[in-house]
Amino acid sequence: MFTPGADGVNAPVGETDDDLIQLLTPDGERVHHQSYSPRVDHLDRVALEGLYRDMVLVRRFDTEATSLQRHGELGLWPPSLGQEAAQIGSGRAMAPRDYAFPSYRELGVVWTRGVDLRSTLHLFRGEDHGGWDPNEHNCHLYTLVIGSHALHATGYAMGVQRDGDVGTGDPGRDRAVVAYFGDGATAQGDISEALTFASVNDAPVVFFCQNNHWAISEPTQRQSRVPLYHRGRGFGVPSVRVDGNDVLASYAVTAEALERARSGGGPTFIEAVTYRMGAHTTSDDPTRYRTRADEEAWRRRDPIDRLRILLEREGTPPEFFTGLENEAEEFGAEIRDYCHAIPAPPIERIFEDVYATEQAQISSDRAWLTEYLAGFEEAAS
Amino acid sequence: MNEQSVSSQEQGTQRITLGKAINLGLRRAMERDPKVLLMGEDIGPLGGVFRVTDGLQKDFGSDRVVDTPLAESGIVGTAIGLALAGYRPVCEIQFDGFIFPAYDQITTQLAKMHYRSRGKSQVPVVIRVPYGGGIGAVEHHSESPEALFAHTAGLRVITPATPADAFTMIQQAIASPDPVLFFEPKARYWDKADVDVTAADQVLDAPGDVRAVVARAGTDVTIAAYGPSVTTALRAATAAESEGTSIEVIDLRSISPIDIPAVAESVRKTGRLVVVHEAPTFLGAGAEIAARISEECFYHLEAPVLRVGGFHTPYPVSKLEEEYLPNLDRVLHAVDSVLQH
Ligand SMILES: Cc1ncc(C[n+]2csc(CCOP(=O)(O)OP(=O)(O)O)c2C)c(N)n1
Ligand SMILES: [Mg+2]
């Protein structure tokens, strides 16, 4: 079994942790929770099958991207393997008018925002620093500098307040923001500053921290002596700890937090307890700092498996699962084809969009490079 | 085994990579002075993402090789405090682009502590930064921010180009009573060379300015370079030689201060200067060198000083970095240009 850290920082998801919100056990049993169960009551079997499909396709994409990196098609890939429930649950709790600020491992979140997942390949293939239009999806670009975007999310939420889109009671108008970051990020000053700004301004922002137990090689105990969700409390921000491998609970706590934010109740801090099943990125070697046994223990708490057990029990026909398998196969093939066909960016891209308007230094650098390269062409002809 | 190899064994010459040379340099500094400690993200069991601190936590313990929380301002800020308490912290910043959360601590505190205490408070902090491009990385992992720090008085900024210098210079940095930004050319971490791993001690007796060296002697054109660009400059010298041009390559090794006398001495001989670095040329180290050399060697110059370096853009996507970086062709192009005058 899991032994909780003496300080409770990495207390396992389960019996020893009374504060942990869980609506679906690793064995696929529903758990009743007085305030959170009602938040998933409306999710009928078809809706649950939708969440299942989300997780399966996102995992498929992740597996495919990891293997594309192994084949030299991507420079790097940060696997989201094992974190699907936290990402899909929270992402599906958002409305299209809400705004997400992901970190760099939020494949599931990006999927729920309607971004074509294939756009995430561009960044990791070294073709683009972004990959999609943030405004089209109310989903900001990935941010690689740990913690920075929590402040952007908070500022965006302050803008939402100024637009008057908070607390009107009109569900078509009120909106909120979700900032995604990891356990390691909680140590960054920017995260503390974001909590301060959000708190004193009652900003409509949800801090969604995926505690996947690792910041590259450092366990969460290196970042905190208290469970991470206690962090929020110190700032006067209501905080909850949820089983991040439980898609229903992740959905429920995020839905509650979003409702509070949209209605003018201010920020919430959510710690979603999950596990990074893969390497930090494809450049990483986890055997240097963790054991197979740890990984195995968490494999038994897989977010997809437990929902499958529930669905099977609640009468989802076998054809649903075989159909989805086929869909995932096709999806995988599409990803590979798409990746291979991404064209190399043109050289002018170096100079494009550094400024919104013409800038003399850029113009002269660009002119220099153009002339220089033309010299080679002349020499060749 | 003949006698010669026995004695070179005794002198401790090893064929090692630049990364390993820093590792051995850190180890020697820690053996020499119990006040030296290392701090950074993932530098313990993992040995750092580039394995530069590999094995050090195992041998020196987690009090001296500290896996810190993920917070660069915290790393440098607490290193300053440790230095005030008499320690010699060596901080690792995981990648060049992640030094900026610590920028405030470095520029407003670390750089000025000795000055504002009128010499009463020394802060011998070393900040190791893997820098530069050419490794196909994503955003924030290929930058060359050395000029930002060189522009800040109170900091020393040095960068080795060879395994032997990496071994010696990291120890010089740690021995320095001043704060040192130690930029490590990450694309060269795997370059191998013979290093006399017993050699460093004499340079530690006189801490102070790190001088430039002539990496290759020549008579027609001087190339001044540092860090990852020294190898490019040497390749250019080899290529030019076959066309009858003799290039002198100066490895600057220090960006603050810059060893202008060494460059000037070479330029007085060659009359032509090209400066190469990966950082943007706009307001970069090359601009300072060009200005100083035109002041000091005006009557010796046969051609304007040229710079080869990055453009005034963010570091581009890795698929375009070949075009962005000062590669061999661009260096040779500049050499041809100064020769045409
Ligand atoms: C400011 C900054 N410092 C260091 C890094 C290098 N780095 C990338 S990911 C990472 C660990 C992040 O851990 P966590 O916040 O738990 O997120 P996870 O990777 O587990 O999703 C580090 C140190 C960075 N990207 N940004
Ligand atoms: Mg983590």
**Prompt:** For the range B:213-339, what is the Kirkwood hydrodynamic radius in Å, using each pair of distinct C-alpha atoms?
**Reply:** 14.3 Å
**Item:** Per-bin percent of Cα-Cα distances, the range A:156-310 [10 Å]
**Value:** 11, 35, 31, 18, 5, 0
**Request:** Please give the net charge around B:M30, taking every other residue with its beta carbon less than 10 angstrom from that of B:M30, where Lys and Arg add +1 and Asp and Glu add -1.
**Result:** +3
**Prompt:** Plugging the Kirkwood radius over Cα pairs into Stokes-Einstein for chain A, at a temperature of 4 °C and a viscosity of 1.567 mPa s, what D comes out in µm²/s?
**Reply:** 59 µm²/s
**Prompt:** Given q = 0.05 Å⁻¹, what are the Debye log10 I(q)/I(0) values for the protein assembly as shown, with equal point scatterers placed on the Cα positions and solvent ignored?
**Reply:** -0.28
**Request:** For an R0 of 41 angstrom, estimate the FRET efficiency from the Cβ-Cβ distance between A:R97 and A:D353 and round to the nearest 0.05.
**Result:** 0.90
**Complete:** In the protein assembly as shown the DSSP beta bridges are antiparallel at a rate, in percent to nearest 5, of 20 percent
**Message:** From the protein chains alone at 1.4 Å, what is the descending order of accessible area for A:S192, A:S263, A:S119, largest first?
**Reply:** A:S263, A:S192, A:S119
**Message:** Quick check: the angle from helix A:148-162's long axis to the longest principal axis of chain A, C-alpha only, nearest 10 degrees?
**Reply:** 80 degrees
**Complete:** Label model pair B:W190, A:Q34: point-to-point distance (7 angstrom along the Cα→beta-carbon line) in nm is 6.0 nm
**Fill in**
The percentage of Cα-Cα pairs in the range B:287-341 separated by more than 13 Å is 66 percent
**Item:** Reciprocal mean inverse distance between Cα atoms of chain B - Kirkwood radius, Å
**Value:** 20.5 Å
**Request:** Provide the FRET efficiency to the nearest 0.05 for the B:A85-B:E241 pair, computing r from the beta carbons and using R0 = 56 Å.
**Result:** 0.55
**Request:** Subtracting the Cα-Cα distance from 0.36 nm times the residue separation, let me have the gained length for B:A199 to B:R15 in nm, one decimal.
**Result:** 64.8 nm
**Asked** Going 7 Å from the Cα of A:V226 in the Cα-to-Cβ direction, what parts of the range B:45-83 have a backbone nitrogen less than 19 Å from that spot?
**Response** B:69-70
**Message:** Among DSSP bridges having both ends in chain B, what percentage is antiparallel? Round to the nearest 5.
**Reply:** 25 percent
**Prompt:** How much net charge surrounds A:R105 when only other residues with a Cβ under 14 Å from its Cβ are counted (Lys, Arg +1; Asp, Glu -1)?
**Reply:** -3
**Cα-based convex hull volume of the range A:121-238 per residue, rounded to whole Å³** = 121 Å³
**Prompt:** Given H placed on each backbone N at 1.01 Å, which residues far from B:S246 in sequence or on other chains put an amide H within less than 5 Å of it?
**Reply:** B:T219, B:D220, B:V221
**Asked** Looking at the range A:37-340, what % of its DSSP beta bridges pair antiparallel, to the nearest 5?
**Response** 10 percent
**Prompt:** So how long is each side of the range A:255-380 along the principal axes, counting just the alpha-carbon atoms, biggest first, in Å?
**Reply:** 71, 46, 38
**Request:** Give the angle, between 0 and 90 degrees and rounded to the nearest 10, that separates the Cα long axis of helix A:84-93 from the longest principal axis of the Cα atoms of chain A.
**Result:** 90 degrees
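The values are calculated or read from the model by the stated rules, or taken from the named source; none is laboratory data. As the structure is a prediction and not an experimental result, all values here were calculated from the model. Glycine gets a Cβ as well: all are built from the backbone with ideal geometry, and neighbour counts include every protein chain shown. Keep in mind that these areas ignore ligands, DNA and RNA; they rest on the heavy atoms of the full protein, side chains included. Shrake-Rupley method; radii C 1.70, N 1.55, O 1.52, S 1.80 Å.
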